[in-house]
Amino acid sequence: MSDYIVEPKSRKELRDLANMLRKFLGLENELRIPIVELLDIFVIIFDDFNYEIVCDNALPKTVHAETDIRSGNIFIKESVFERACDGKGRDRMTIAHEIGHYFMLCICGFKLQRAFNIKEVPPYKDPEWQAKCSAGEFMAARHLTEGMSPAEIARYCGISREAALYQFKHRN
Ligand SMILES: [Zn+2]
């Protein structure tokens, strides 16, 4: 995905988008997003959305999950899916990240182009940064985590301590 650039979006725009999705799903006041259950809900709501649990060696070692934006298919490693079902923050965030790719590119239609000859893609144009940012904003809603410590954000939102600290530092 990093061979591509996408139309620029700020954290503020991605936060608004994450909140719009929360509202659409009736989850605007839900501290802990039921991300695994959302996969099945997305299958019902969005015609072109699908997800597949694949065996761990079907994807490269460093890849936890992958989204094919042409088909709207999300592939999730079996081990990642199982840990997400068990409530592990990092794996829940992996699913949110892929849903972020799908939502921004397939539903919202952010324009994507190949980054030929572009040596450095600024974060706000990088689809990976955008997916990371929108997943964080979606999983730890700013309006619900106001005044919380990183440890509380991790606990109540069901995300990793690392991700909670990141959200804590990027609240503005
Ligand atoms: Zn990604």
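The values are calculated or read from the model by the stated rules, or taken from the named source; none is laboratory data. Since we're looking at a predicted model, the values are computed, not measured. Every residue, glycine as well, gets a Cβ built from its backbone with ideal geometry; the counts of neighbours run over all protein chains shown. Heads up: the accessible areas ignore ligands, DNA and RNA and are worked out on the full protein's heavy atoms, side chains in. Shrake-Rupley method; radii C 1.70, N 1.55, O 1.52, S 1.80 Å.
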Can you pull out the residues in segment 114-149 that are surrounded by 19 or more Cβ atoms within 10 Å (Cβ to Cβ) and part of a helix (DSSP H, G or I)?
-> Pro127, Gln130, Ala131, Lys132, Cys133, Ser134, Ala135, Gly136, Glu137, Phe138, Met139, Thr145
Enumerate the pairs (first residue in segment 99-121 and within 16 Å of the ligand (Cβ to nearest atom); second residue anywhere and open to solvent by 80 Å² or more (accessible area, probe 1.4 Å) and assigned to a loop (DSSP other than H, G, I, E, B)) with beta-carbon separation below 7 Å, excluding pairs fewer than 6 apart on the same chain, so at least 6 apart or on different chains.
-> Ala115/Asp3
Of all residues making up segment 93-146, the number that are within 21 Å of Asp3 (Cβ to Cβ) and among the aliphatic types (A, V, I, L, M) = 8
Answer yes or no: is there a residue in segment 22-37 that is over 18 Å from Ser134 (Cα atoms) and either open to solvent by 70 Å² or more (accessible area, probe 1.4 Å) or of a type in the set (A, V, I, L, M, F, W, C) (or both).
-> yes
For segment 89-101, name all the residues that are among the hydrophobic types (A, V, I, L, M, F, W, C) and open to solvent by less than 20 Å² (accessible area, probe 1.4 Å).
-> Ile95, Ala96, Ile99
Residues in segment 102-113: is at least one among the hydroxyl-bearing types (Ser, Thr, Tyr) and surrounded by fewer than 22 Cβ atoms within 10 Å (Cβ to Cβ)?
-> no
State all residues of segment 1-21 that are more than 16 Å from the ligand (Cβ to nearest atom), open to solvent by 50 Å² or more (accessible area, probe 1.4 Å) and over 17 Å from Gly109 (Cα atoms); if no residue qualifies, say none.
-> Lys12
Counting only residues that are of a type in the set (Gly, Ala, Ser) and surrounded by fewer than 16 Cβ atoms within 10 Å (Cβ to Cβ), how many does segment 38-88 have?
-> 4
Considering residues of segment 32-80 that are farther than 16 Å from Cys106 by Cβ and assigned to a strand (DSSP E or B) only, the residue farthest from the ligand (Cβ to nearest atom) | Ile53
If you scan segment 122-137, which residues turn out to be more than 14 Å from the ligand (Cβ to nearest atom) and closer than 17 Å to Leu21 by Cβ?
-> Glu137
